[in-house]
Amino acid sequence: MTHALVNARVLTDNGWRDDCAVVLDGEQIVALIPLSDPRPREIPRQDLDGAMLLPGFIDVQVNGGGGVLFNEAPTVPTIRRIGAAHRRYGTTGFLPTLISDDLAVMRAALVAVEQALSEGVPGLLGIHLEGPYLAPARKGVHDAKYFRVPDSEELALLCAPHRGVRLLTLAPDQVPPESIRALAAAGVIVCAGHTAADYATTRVALDAGVRGFTHLFNAMTPFGSREPGVVGAALEDPASWCGIIVDGHHVHPASLRVAIAAKARGKMLLVTDAMPPVGADSPEYVLNGETIMARDGICQTAQGVLAGSALDMAGAVRNTVKLLGLPLDEAVRMGSTYPAQFLGLGATYGRIHAGCHADLVLMDDDYRVLQSWIGGVAIQQQV
């Protein structure tokens, strides 16, 4: 049913507006109409009490949430539960992320996402396979026993026709350029991550089709004076995107400020790398047979290795403003508009604009989520 959202500070393509009604019809935003126009008074209206109406957040790296880990149960119910947990924090689009695992688990995850997409699970946009084609020297919390070079069977599986977005993180020092080209040609979004590649190898991979970098700075060769490494190649390249985890633990705020200043505007996007504690009562979860406890927002093993995060997208936006000093509108776009563009969905997602998907989030001035809409369907929620 057509209805209008009124009395909000609306973040549009052209900045903030408090003089318009956002008109929804079914799954779409159909118009932004000045409040002086009589039409909004002729259709049902919802008064948003002056809160901020933002494009819904899009998280391209979500390992878990709501107490479940995608690897542990790669099923449709798991995907639903993860999506519902993160929706509480403004995430209206997400990629469930499978950490390095064996081929059977990868197949199960791909099948589950295909089924979930066909069932219309709210917010689901596709899948992110983080590994298993990674470098042992930069394995992070991944189990290196699963690491391998993709053979023809696995490449065929990854390149097969599929619903939604398919994102793959790999190490360019482990996967040859011709395989990267084949993946990119099949519509797979290829990112570099968990890699020991040098600058030259990374440049070759970019030329072959690498489109982005997974959690910039973490699990990759650093920027140096005589060896720019993966970080240097990422910041120099004008076309690629970089995901960043702004939780105050993964990367020092000063390093993130420098990176954002160096990279072309619109090419930095917020990710959570979230684990099961997000949206769950328990801070504990099991990864690779080890019990991990989230303490003070930090998820790490007994050896001190970071094991994802307890970050949510509302928190990432808040931290981008408070820790990094960015304007709120830019922080929001890093969590919505830019991820949509990275995924090739920028024409219809990540914006409050006529013709776009009605995925929205309502927040107060303390960055608490009051309500969200996915495809025009609203859920009220305060966290």
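What follows is calculated from the coordinates using simple rules that are stated; it is not laboratory data. The structure displayed is predicted, hence computed values, not measured ones. Heads up, the Cβs are rebuilt from the backbone with ideal geometry, glycines too, and the neighbour counts pull from every protein chain shown.
Between Ala261, Ala358, Ala84, which gets the highest mean-square fluctuation from a Gaussian network model of the chain, Cα cutoff 10 Å? Result for the chain, Cα springs under 10 Å: Ala261 fluctuates most. In straight-distance terms, cross-link reach from Lys267 covers every one of the lysines whose alpha-carbon lies under 27 Å from its own, apart from those fewer than eight places away in the same chain; here that gives Lys139, Lys322. Reported to the nearest whole Å, the Cα centre-to-centre distance from region 14-77 to region 144-208 is 33. How big is the charge dipole of the chain about its Cα centre, in debye rounded to the nearest 20, if each Lys and Arg gets +1 on its Cβ and each Asp and Glu gets -1 on its Cβ? Computed charge dipole of the chain: roughly 380 debye. With the alpha-carbon atoms of region 158-230 aligned to their principal axes, the span from lowest to highest coordinate is 43, 22, 15 Å, starting with the largest.
Placing unit charges on the Cβ atoms of the charged side chains and taking the dipole of the chain about its Cα centre, the candidate lying farthest along the positive direction among Pro228, Pro44, Val149 is Pro228. Would you look at the GNM of the chain, springs on alpha carbons closer than 10 Å, and say which of Ile79, Ile43, Ile245 moves the most? Largest GNM mean-square fluctuation: Ile43. If one puts a single equal scatterer on every Cα of region 70-228 and applies the Debye formula without solvent, what log₁₀ I(q)/I(0) results at q = 0.08, 0.15, 0.16, 0.17 Å⁻¹? One equal scatterer on each Cα of region 70-228 leads to -0.23, -0.79, -0.89, -0.99. Scalar couplings 3J(HN,Hα) for region 153-170, obtained by applying the Karplus form with A = 6.51, B = -1.76, C = 1.60 to θ = phi - 60°, are 5, 6, 4, 5, 4, 5, 8, 5, x, 8, 7, x, 8, 10, 10, 10, 9, 9 Hz; x denotes Gly and Pro.
The base-10 log of I(q)/I(0) for region 310-383, evaluated at q = 0.16, 0.17, 0.26, 0.27 Å⁻¹, reads -0.61, -0.68, -1.29, -1.31 [Debye formula, identical scatterers on Cα atoms, solvent excluded]. Annotation: the antiparallel percentage among DSSP beta bridges lying fully within region 1-126 is about 60.
Kindly work out what percent of the DSSP beta bridges joining two residues of the chain are antiparallel, to the nearest 5.
50 percent
Sequence-ordered 3J(HN,Hα) estimates for region 290-298 from the Karplus curve with 6.51, -1.76 and 1.60 and θ = phi - 60° stand at 10, 7, 10, 10, 7, 10, 6, x, 10 Hz, glycine and proline given as x. Note on semi-axes √(5λ) of the Cα gyration tensor in Å: of the candidates (1) 37, 22, 19; (2) 34, 22, 20; (3) 37, 30, 20, the value calculated from this structure sits at (2). Of all the options Val113, Val278, Val321, the one that moves most in a Gaussian network model of the chain with Cα springs shorter than 10 angstrom is Val321.
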